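Since the structure comes first, as structure tokens, the remarks are kept for the end.
The values are calculated or read from the model by the stated rules, or taken from the named source; none is laboratory data. Please read these numbers as outputs of a predicted model, since none were measured by experiment. Heads up, the Cβs are rebuilt from the backbone with ideal geometry, glycines too, and the neighbour counts pull from every protein chain shown. The area values use the complete protein model at the heavy-atom level, side chains included, leaving out ligands, DNA and RNA. Shrake-Rupley method; radii C 1.70, N 1.55, O 1.52, S 1.80 Å.
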Amino acid sequence: MPRLKVNRFRARKPPADVLAFYLRVYNTRDLYFDPESLPPLSPQELFGSAQPVVFDLGCGRGEFLIGQAAEHPDINFVGFDLHWKSLWDAINKSRRAGLQNVRFVRTDYRRAFAKVPDGSVQAAYLLFPPPIIEPNRQKEDPLPPETVHDLARTLPDGAPFHLVTDHPGFFAAKTALIEETGRFERVHTSQAFEGGLTWYQQLWESLDIQSLRVEYRRRPAGG
Ligand SMILES: C[S@@+](CC[C@H](N)C(=O)[O-])C[C@H]1O[C@@H](n2cnc3c(N)ncnc32)[C@H](O)[C@@H]1O
């Protein structure tokens with residue numbers, strides 16, 4: 001059965017000053033050919049703070065991230081996505097909620113990790129990524145081995161990585177990949193995601209499709 005297309009929604013482009021506050025754009029070509037021209041995606045650059053940040057990789061319209069940011073004003077959150085309209089929607093919602101502790105990055109997060117300093121991410125979420133595992137679609141794979149290694153590098157010891165998907169094949173392939181690295185310990189597996197609502201979780205639950213959730217902790221190097 002083909003997967004549902006759920007991109008049909010309206011979003012107004014936010015005003016320039018709002019974009020300047022909430023949005024950073026990291027062009028994939030620049031990340032590849034001229035990474036030195038781009039500032040680091042560090043807590044200091046994004047928030048003027050040394051405190052590690054929380055990443056939402058493929059944040060979509062930002063429901064999860066915005067909910068978390070409102071609940072934890074003392075923690076800084078960064079949402080990554082490539083889809084302009086989703087980002088505009090997330091930024092408009094953040095602005096309306098008056099959030100100061102959120103930024104969005106328009107980029108391919110897999111490439112953008114090159115600009116993320118070691119140990120600077122206190123938690124990372126990958127919630128309902130496109131479940132691509134076919135060998136002929138590797139370019140679109142949302143969690144290739146390089147990204148698993150980048151997560152191991154940028155999360156400090158003991159920091160969590162959460163993966164949630166509705167797709168059993170993707171879940172099996174990616175948990176195997178993560179565990180092969182030896183860098184993550186599985187601490188929790190369940191069939192729901194209780195950590196906050198995402199748009200896709202609401203969609204799948206309304207269709208009675210279960211989510212598969214796993215939480216890992218980053219193992220100490222050599223541990
Ligand atoms: C199925 S949606 C899930 C959105 C959100 N996490 C949720 O649960 O509601 C997947 C999102 O990941 C984004 N995405 C997929 N691959 C990406 C990549 N390599 N870099 C940035 N965003 C990506 C898509 O644009 C889309 O918004």
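In terms of its C-alpha gyration tensor, segment 135-204 comes out oblate, because a/c is 1.5 or above while a/b does not outweigh b/c. For a test of the definition: using alpha carbon positions, the gyration tensor, and the 1.5 limit on a/c, classify segment 16-218 as rounded, prolate or oblate. Since a/c stays below 1.5, the shape of segment 16-218 is classed as rounded.
Run the numbers for ALA114 and ALA70: contour at 0.36 nm per residue of separation, minus the present Cα-Cα distance, in nm.
Between ALA114 and ALA70, full extension yields an extra 13.0 nm.
Per residue of the chain, the DSSP helices (runs of n ≥ 4 H) give a summed -39500 (n - 2.57) that works out to -9000 deg cm²/dmol at 222 nm. Of all the options LYS13, LYS93, LYS139, the one that moves most in a Gaussian network model of the chain with Cα springs shorter than 10 angstrom is LYS139. Carbon-plus-sulfur accessible fraction, the chain (probe radius 1.4 Å, protein heavy atoms only): 52%.
Extension gain for the segment LEU177 to SER37, taken as residue separation times 0.36 nm less the Cα-Cα distance, is 47.2 nm to one decimal.
In summary, the lysines within cross-link reach of LYS115, defined as a Cα separation below 23 angstrom excluding same-chain residues under 8 places away, comprise LYS139. Largest GNM mean-square fluctuation across GLY62, GLY48, GLY79, computed for the chain with C-alpha springs under 10 Å, falls on GLY48. In this entry, segment 105-223 is assigned a mean projected area of 7.6 nm², taken as a quarter of its C-alpha convex hull surface. With a Förster radius of 35 Å applied to the C-beta separation of GLN44 and VAL187, the computed FRET efficiency comes to 0.75.
Antiparallel beta bridges, as assigned by DSSP with both residues in the chain, represent about 40 percent of the total such bridges. Spin-label pair GLN210-ASN27: with each label point 7 Å from Cα along the Cα-Cβ axis, the two points sit 4.7 nm from one another.
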